[in-house]
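In what follows, a structure is listed as C-alpha cells, so that the remarks can point back to it.
The values are calculated or read from the model by the stated rules, or taken from the named source; none is laboratory data. Everything quoted here is computed from the prediction, not taken from an experiment. Positions of Cβ are backbone-derived with ideal geometry, glycine not excepted, and every protein chain shown enters the neighbour counts. Ligands, DNA and RNA are excluded from the accessible area calculation, which covers all protein heavy atoms including side chains. Shrake-Rupley method; radii C 1.70, N 1.55, O 1.52, S 1.80 Å.
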There are 6 protein chains.
Amino acid sequence: MGVVVQNIPRADKAVVEGLARYGVATIHEAQGRKGLLGPEISPIWSGAHIAGPAVTVSLPPCDNWMIHVAVEQCQPGDIMVVAPTSYSDAGYFGDLIATSLKARGVAGIILDCGCRDIADITEMGFPVWSKCVFAQGTVKETLGSVNIPVVCAGQSVNPGDVIVADDDGVVVVARKEAADVLAAAQAREEKEAASRKRYLAGELGLDVNNMRGALAAKGLKYIDWQGD
Amino acid sequence: MGVVVQNIPRADKAVVEGLARYGVATIHEAQGRKGLLGPEISPIWSGAHIAGPAVTVSLPPCDNWMIHVAVEQCQPGDIMVVAPTSYSDAGYFGDLIATSLKARGVAGIILDCGCRDIADITEMGFPVWSKCVFAQGTVKETLGSVNIPVVCAGQSVNPGDVIVADDDGVVVVARKEAADVLAAAQAREEKEAASRKRYLAGELGLDVNNMRGALAAKGLKYIDWQGD
Amino acid sequence: MGVVVQNIPRADKAVVEGLARYGVATIHEAQGRKGLLGPEISPIWSGAHIAGPAVTVSLPPCDNWMIHVAVEQCQPGDIMVVAPTSYSDAGYFGDLIATSLKARGVAGIILDCGCRDIADITEMGFPVWSKCVFAQGTVKETLGSVNIPVVCAGQSVNPGDVIVADDDGVVVVARKEAADVLAAAQAREEKEAASRKRYLAGELGLDVNNMRGALAAKGLKYIDWQGD
Amino acid sequence: MGVVVQNIPRADKAVVEGLARYGVATIHEAQGRKGLLGPEISPIWSGAHIAGPAVTVSLPPCDNWMIHVAVEQCQPGDIMVVAPTSYSDAGYFGDLIATSLKARGVAGIILDCGCRDIADITEMGFPVWSKCVFAQGTVKETLGSVNIPVVCAGQSVNPGDVIVADDDGVVVVARKEAADVLAAAQAREEKEAASRKRYLAGELGLDVNNMRGALAAKGLKYIDWQGD
Amino acid sequence: MGVVVQNIPRADKAVVEGLARYGVATIHEAQGRKGLLGPEISPIWSGAHIAGPAVTVSLPPCDNWMIHVAVEQCQPGDIMVVAPTSYSDAGYFGDLIATSLKARGVAGIILDCGCRDIADITEMGFPVWSKCVFAQGTVKETLGSVNIPVVCAGQSVNPGDVIVADDDGVVVVARKEAADVLAAAQAREEKEAASRKRYLAGELGLDVNNMRGALAAKGLKYIDWQGD
Amino acid sequence: MGVVVQNIPRADKAVVEGLARYGVATIHEAQGRKGLLGPEISPIWSGAHIAGPAVTVSLPPCDNWMIHVAVEQCQPGDIMVVAPTSYSDAGYFGDLIATSLKARGVAGIILDCGCRDIADITEMGFPVWSKCVFAQGTVKETLGSVNIPVVCAGQSVNPGDVIVADDDGVVVVARKEAADVLAAAQAREEKEAASRKRYLAGELGLDVNNMRGALAAKGLKYIDWQGD
C-alpha cells in the first residue's frame, strides 16, 4: 500500500472509441461472458454510455484520500475505478471531486462504494456508477494505492484495461484483448441486426435460431391442457 | 420438466380489461391481501400499467432456452411470467426477445431474475418487471416447462391467471376468481373516491373512518409534552 | 405504547428555513458526521428537497393505524417520521393518506417501511422517502405512540428535531443544535464554493487542499509502470 | 382467509418412513431437482433428520394465532409448515408451543419466519427449521387458514405433501408422487454407494463417470503453466 | 465526538442479577415488546446468558481505538456495547482485547460490527454477540465517544441501561425501568410455568388460552377436505 | 474458457507448513491487511484450520463439471478454490466429491457457492468453507477452466497461492510473498504474546500500547455524567 504507479500503458484509442459504440451486454458476450461487474453497481442517472482506460484506486474503508491522488494520474478520456479494500457504503465521491474530474476531462467514475450529491452531479451530467447513494462522510487518514490491480464488484481490473459502462452496468476488457473483443462485438452486432429484422417481422426465435430439432432431441413434449 | 402445455384457458377478456383499470394495490386489497409478488420485483421503466393472462415459464438457473419456446404459446395481450427453478440474477431477457414479444403483441413480461439491454427496451416501450438489471449471459442447454404452475417472487402463478402490474409491482389473480375480484376492486375504488374528497377538504382520517372510539377503547392516551 | 404527546416544541422556523437551503451531505458534515439515516431510505421520486420539524410515529409491524392519529398532531411544514417497532416492508402509506397530509400542509414523510400508490403520489408531488415500494396492505388493530423518541433507519429521532431530506437521503438535526448546525453549514458551503471555483479552473485537490506534504509524510511513493 | 380444512389425506405411512431414510439432497435429485425450499431456511440445531406429512398454516405477518389452531389438526408424525402472507422475521414460535407440539407427537416444524427460545427448544430436542432466530413477539389478532396450499421459502406446499428435512435444509414431495420419489431415491442411493467405493479407492470422478470423452468433445484443452 | 463520560449511574445490582435469570424473549415481552436488538446480532458461541449495565462506545467505521479507551471505564459485571457511526463488518474485536476485558471482569460485549479470533475467544469462554465473523483489520486514527447514547442494531442504548443477552439475541432495558421490568418478567414466567404444565399434559393452546370463542367471533370456519 | 493449466508452481512446502501455524486474522494483518475473502464465506463445521497451495477452478453458474476435472490436478495438501463466473448459491459440492478429495489427500475446499450433504461431510471431517448450505443440484454441461486466476469472494486468487482458513474465514497469500508473510506473522505473534501477558495481568490497552498521549493530542475529553 502507498504506491502510485505512473505512466501506465493504455488500450489503443481507436479501439476504445470502437468499444464505446457497443453496449455492456454485447461486449460481455463478445469476450466469452467474462469481465462483468456485479449487479450491485448501477448508474446514478440514466442514459450515460462511456468507454475508456481504467485508472485504478485501491483505498481503505471510509477513506477517500487516494481519489485526490488519482486525479493527477488521469488523462482526458480515462475512467476512474475505485475499490475499497473492505466493504463500505460510505459516500466517497461528491460534487466537488466530480467538478474536478469533469474539468480535467475524465470520462466517468466507477465506485464499489457510495456516492453523494447526486442531484448536483446529475445536473452537471458527469457519469457515475456506484453501489449505493449515501451521504456518509469519509476521512483522509490512511494511504492506499493508485494503478495497482484491484477487485471491483467481483472483477479484477488492471490499470489501462478498458471500462465500458451503460444503463446495464459495467464491463472490463483486458487491455491486450481489447482489439479482439472489438472485432467480436462488431461481428455479434451484425448477426443480431439480422435476427432483429426477422423478429420484427414476427418470426419466432425457435425458427430464427433453428431450435426445434435440439429441443425435440432433448425430449421436449407438447401436451394439451387437462384441467378445468 | 420438459413439457409445454398448449391451449390453456384464459380469464375472460372483458374481466382482464376491467382489472387493467385498477392499480396493483387496489387489486391486492380487493382480493383479501393475497397474490402480491415480493418487493424485489420492480419495473425497469416508470409508468407502465398492464393486465393480461399469464403464460408461465419454468426454467433452469442461467438458462433462457424455454423463453423462446414460450413465445409460440403466447396470444396477443398475454403476459409472460418467468420463474427459474433456483435463484438467479442473470440477464435472461434482452432487446432481441423483447422485439419478438412486442412484434407478436405480448403485453409484457415478469422476470424473477435479471434483465439486460434496458436502454433499448425502455426506448421501445416494452413493459418489463424484473428482480434486477444485470447483463450476465445465459445458456440454452437444459429443458424446462411452459404453462405449468410456478412460484414467482413468492407467489403461486397458474397459466391463465390474470397478472396486473404497475409502478407498485405485480399481483396475480386466480383465473376463476377474476370476475369477483374485479367487482370488489370497483367497489373499493368507489369507496376510496368518496374518502379522497373528504381528505382533500382537510378532514382527518380519524373522522373519515370513525376511528376515535376504537382508539379510546384500546386505551390510547393523550398527554402534553413534559420535556424542555 | 399507546401515548400521543401533544404540543411538542419545534425548532425555530427561521432556522428550519435556513437548513432547507442546504443538502443532506452538507448538513451531515456540518454537524460532525452524525444523524444520517441509512442508505436503505430513498425518495420515491427525484428532485424533492425539504426541511421541517419531526412528528414521530412508533407503530407495530404491518399496522398503520397510528399514522391516522399522527396527522392530527401535524402543523403545516412538519415532516412525519414513521418507525415500525419491528422490521416491515409493508406498504404503510398510500395515496389516500398522502392526500390528507398534503391537504393539511405537511411537508413530507419519512418511512422506515414500504410505500405504495407511488404513481399517484408522484403525480401529486408529495415528497416521500421510504425503504421500499411494496403494495402489501396493513391492518389497524394495535396501538403505537406519537411524538415519542424513535429509531428510524438506524438514527434516533426526537419529536421536534429538524429533518432534512433530498435525493441523497435523510438527515436528522437535534432541535437544540439546529441553529449551530445552520451556522456550520453556511460556513462549509462558503468554503466549498471557493474550492469549487479552483476545481472548475482545473486545479487538483492535492493543491487546493494542500495534501502533498501529508501524503509524503505518510510514505506515499511514486513509481513507474514496470509491466509490458 | 379464516378457513381450517379438516381430514386432509396424508401420504402413505410406509412411504413417509421410507423417505425418512434419505437426505434432502438425495430426494431433491430423485424427484428431478424440484421442491427444495430456499437456503434461507436452516435448522436451529444440528443433527435432526425428519420426514412427515405437512399440515400447512397460512397466517398474517407478526401474528401467530393460527399456529394454535393448527396444533389441533396435527396427528402424531405430522410436520407443521408455517408461511406468513408477507415477509416477517418475528419469532412466531417459542418453547411453549414447542412443548405442546412435542407432547402431541408432532415431528417438527418449518417456519418461513423467526424462532425464539432456541436454547430451551434445543434442550428438549424438538426439530425446528426457521429463517432466523429472533425474539420479536407476535400478536393474536387476525385470522389465517390451516391446510390450504401455501408458498413456503419459494416452494408450493400442499397439505398432506411429504416434508423431509435435515442439516442441508428442507424439501417437499407431492403426496401423489411420494411413492415414485421413494423408488427413485433408493435407486440413486444404490448408484451412489457404488461410486463412493470407487472414490474411496482413489479413482477420479473423470473415470468413475466416464467424463473424459465428453469434455474433449466440448473442446477442453490441457496446457502447461507459462508463468514464472 | 471525542468525549468520555465518567461515573455513569448503573442499574441496581440486585435488579441486574434478577434480570439475568430470565431469557431475552421473556424480558422483551415483559417490557411491552421493545428494546430488542435486530436479528443480525448473534452469539459467536452457544450457551452464554448474561446481564449487566451497558458501557456504550460510539466509534468510526473500521476504527476500534475507542474500545481501548472504554475498557478503563468498565467495572466488573459491565457489558460493553459497541456501535460504529456507519455500517461496518470489520473485525473490531479479537482475542487480545477479549483477554483484557475478561481479566478486568467485564461480563461480555455486544458488537454492531464484526468479531475475529473466534476460536480463541470461544476457548476462553468470553461471551460475544456480533453482526458477523470477519478478520478484517481496523485502524486507530479517529476519536469516538464513550458512554454517550448510541443506536446499536436498531435500538437506542444509554450508558447504565441493562443489557440481557442469550442464544436468542440481545435486549436492552432502560435503567429506570429495570425494577419494573424484573417484576413483570417474574410474573410472566410464573404464568408461563402454569401453561407449560398443561401443554406437557397434551392440552391445546386453544383451550389453555381460551381462544375458541374469539376465533369464532372473528369468523373462523372449519370445513372438510374436498380434493382427491 | 475450457483450459486446464498443468504443472503449476506451488509455494514452498516449509513456508506453507509455517503459515498453517497462524490464524487467518494474524496472516491478514501480517501481509498489510489484504487478501481476506469476504465474510460471506464460513466453515461448515467448527475447528478446522488448514493451509495449502490453491488449485483454482473457474466454472459456470450451477454447473460443477470442472470440479471433477480439477481433482486430477490436485496434489496431496492442496486446497481447491471454486469460483463460479456468476453468482450462484447452488450446492456444487457434496459427500461424493468430498470422498474423492479426501481419498486423494486434498486438504480442503473453498466454495464461493453452496455446499450440501453437510452432515456426512462433517462426519468424515473434511474441511469446507462455503457461501451457504443449499442442496440445489448442478448440471455438467458447460466447460470452465482450472488453474487460471479467479476472483473468489472478492479476492484475486492465483494458482499456487497459499490459502489459509480457520473459523474466522479464509485468506490468500501470494505465492511469491509467502515467505515474507510467514516472517511477518511470526514477528506479529511474538509481539502479541508479550501484550497478552500484560492484558492477562490486568493492564489496560491504553498503557500497553501507549495510547494516552495520542488520544489527548487528538482532543479526547473526559467529563463527568451530568444526567439523573
Query raised in the report: Distances over 16 Å make up what percent of all Cα-Cα pairs in the range B:130-228?
Result: 78 percent
Query raised in the report: Which ³J(HN,Hα) values, rounded to whole Hz and listed in residue order, are derived for the range A:144-160 from phi using the Karplus coefficients 6.51, -1.76 and 1.60 in 6.51 cos²θ - 1.76 cosθ + 1.60 with θ = phi - 60°, glycine and proline given as x?
Result: x, 9, 10, 6, 10, x, 10, 10, 10, 6, x, 10, 6, 10, 9, x, x
Requested in this report: Over chain F, with every protein chain in place, what whole percent of the accessible area is carbon and sulfur at 1.4 Å, could you tell me?
Outcome: 50 percent
Query raised in the report: Counting partner chain Cβ atoms within 10 Å of every residue's Cβ in C:136-145, what's the average?
Result: 6
Query - Listed residue (E:146, E:213, E:122) projecting farthest to the positive dipole end of the range E:72-227, Cβ model - result: E:213
Query raised in the report: Do you know which residues of the range F:36-61 lose at least 30 square angstrom of accessible area in the protein assembly compared with their chain on its own, with a 1.4 angstrom probe?
Result: F:36, F:39, F:61
Query raised in the report: When each copy gets a label point 7 Å from Cα toward the beta-carbon at residue E:212, what are the spacings between them in nm, shortest first?
Result: 4.1, 6.5, 7.3, 7.3, 8.9
Query raised in the report: the range F:76-156: D in µm²/s via Stokes-Einstein (Kirkwood Rh, Cα pairs, 25 °C, 0.890 mPa s)?
Result: 188 µm²/s
Requested in this report: Can you tell me which of F:143-155, C:163-175, D:154-166 comes out highest on packing, and rank the rest after it, using the mean Cβ neighbours within 10 Å?
Outcome: C:163-175, D:154-166, F:143-155
Report summary line: Inter-copy distances for residue C:47, label 7 Å out on the Cα-Cβ vector, sorted ascending, nm, one decimal, are 1.3, 1.3, 6.3, 6.4, 6.4
Query raised in the report: Any idea what the dipole of the range C:42-114 comes to, in debye rounded to 20, about its Cα centre with Lys/Arg Cβ at +1 and Asp/Glu Cβ at -1?
Result: 180 debye
Report task. Could you work out, residue by residue across F:187-196, how many beta carbons of other chains sit within 10 Å of that residue's beta carbon, and then give the average as an integer? Result -> 1
Query raised in the report: What's the angle, to the nearest 10 degrees (0 to 90), between helix A:178-200's Cα axis and the longest principal axis of chain A?
Result: 40 degrees
Query raised in the report: Given the rule -39500 (n - 2.57) for each run of at least 4 DSSP H residues, summed and divided by the residues of the protein assembly as shown, what is its mean residue ellipticity at 222 nm, to the nearest 500 deg cm²/dmol?
Result: -8500 deg cm²/dmol
Report summary line: Note: A vs C interface, total accessible area buried (1.4 Å probe; ligands, DNA, RNA excluded), nearest 100 Å², is 3300 Å²
Report summary line: Taking only C-alpha positions in the range A:171-228, Rg and Dmax in angstrom work out to 18.5, 61
Requested in this report: Identify the residues of the range F:21-35 with backbone N under 12 Å of a label point that sits 7 angstrom from the Cα of residue A:148 along the Cα-to-Cβ direction, or state none.
Outcome: F:31-35
Query raised in the report: For the rotation that brings chain B onto chain C, whose beta-carbon in chain B is nearest the axis, and what is that distance in whole angstrom?
Result: B:46, 6
Query raised in the report: Ranked highest first by the average count of other Cβ atoms within 10 Å around their residues, in what order do E:95-103, E:176-184 fall?
Result: E:95-103, E:176-184
Query raised in the report: Any idea of the accessible area per residue across chain C, 1.4 Å probe, to the nearest Å²?
Result: 35 Å²
Report summary line: Residue separation between residue E:196 and residue E:223 times 0.36 nm, minus their alpha-carbon distance, gives in nm 6.7 nm
Query raised in the report: Rg and Dmax of the range B:1-145, using alpha carbons, in Å: what are they?
Result: 14.7, 42
Report summary line: For E:196, D:212, the accessible-area ranking with a 1.4 Å probe, largest leading, is D:212, E:196
Report summary line: In the neighbourhood of residue E:182 defined by beta carbon distances under 14 Å, the net charge of the other residues (Lys, Arg +1; Asp, Glu -1) is -3
Query raised in the report: At a Förster distance of 25 Å, what's the computed FRET efficiency of residue B:75 paired with residue B:123, Cβ-Cβ distance as r, to 0.05?
Result: 0.45
**Report entry** Centre separation in Å (Cα based) which lies between the range E:164-195 and the range E:1-71
**Finding:** 15 Å
Query raised in the report: Ignoring ligands, DNA and RNA, how do F:12, D:228 rank by accessible area with a 1.4 Å probe, largest first?
Result: D:228, F:12
Query raised in the report: If you put a point 7 Å past Cα along the Cβ direction, how far is that point for residue E:191 from the same point in each other copy, in nm, smallest first?
Result: 3.4, 5.6, 5.7, 5.7, 7.0
Query raised in the report: Which value, in Å² and to the nearest 10, is the accessible area of residue D:139 when all protein chains are kept and the probe is 1.4 Å?
Result: 40 Å²
Report summary line: Averaged over all viewing directions, the convex hull of the alpha carbons in the range F:117-170 casts a projected area in nm² of 5.3 nm²
Query - Point-charge dipole on Cβ atoms (K/R +1, D/E -1) for the protein assembly as shown, about Cα centre, debye to 20 - result: 0 debye
Report summary line: Here the range D:93-107 yields Karplus 3J(HN,Hα) values (6.51, -1.76, 1.60; θ = phi - 60°; whole Hz; Gly and Pro given as x) of 9, x, 5, 5, 5, 4, 4, 5, 4, 5, 4, 9, x, 5, 7
Report summary line: Taking a ≥ b ≥ c as the square roots of the eigenvalues of the Cα gyration tensor, with a/c under 1.5 meaning rounded and otherwise prolate when a/b exceeds b/c and oblate if not, the range C:165-204 is oblate
Report task. Per residue of the range C:27-42, in order, report the coupling 6.51 cos²θ - 1.76 cosθ + 1.60 (Karplus, θ = phi - 60°) as ³J(HN,Hα) in whole Hz, putting x for Gly and Pro. Result -> 5, 4, 5, 4, 9, x, 6, 10, x, 7, 5, x, x, 6, 9, 9
Query - Over the range B:1-73: Rg over Rh, Cα atoms, Kirkwood Rh - result: 1.00
Report task. For peptide F:129-135, compute the average count of partner chain beta-carbon atoms within 10 Å of each residue's beta-carbon. Result -> 6
Query raised in the report: Amide H of residue E:133: which non-local residues (sequence gap of 5 or more, or other chain) have their own amide H closer than 5 Å, using H built in the peptide plane?
Result: E:115
Report summary line: Across 10 Å bins beginning at 0, the whole-percent shares of Cα-Cα pair distances in the range D:63-198 come to 11, 39, 31, 13, 5, 1
Query raised in the report: Under the Kirkwood approximation applied to all pairs of distinct alpha-carbon atoms, what is the hydrodynamic radius of the protein assembly as shown in Å?
Result: 32.7 Å
Report task. Starting from the residue with the highest accessible area, list C:1, B:66 in decreasing order, probe 1.4 Å. Result -> C:1, B:66
Query raised in the report: Based on the alpha-carbon gyration tensor of the range E:16-56, what equivalent-ellipsoid semi-axes (square roots of 5 times the eigenvalues) come out, in whole Å, largest first?
Result: 16, 14, 12
**Report entry** Within the range F:1-133: Cβ-based charge dipole about Cα centre, in debye rounded to nearest 20 (Lys, Arg +1; Asp, Glu -1)
**Finding:** 360 debye
**Report entry** Top positive-direction residue, dipole computed over chain A with Cβ charges, set A:183, A:227, A:49
**Finding:** A:183
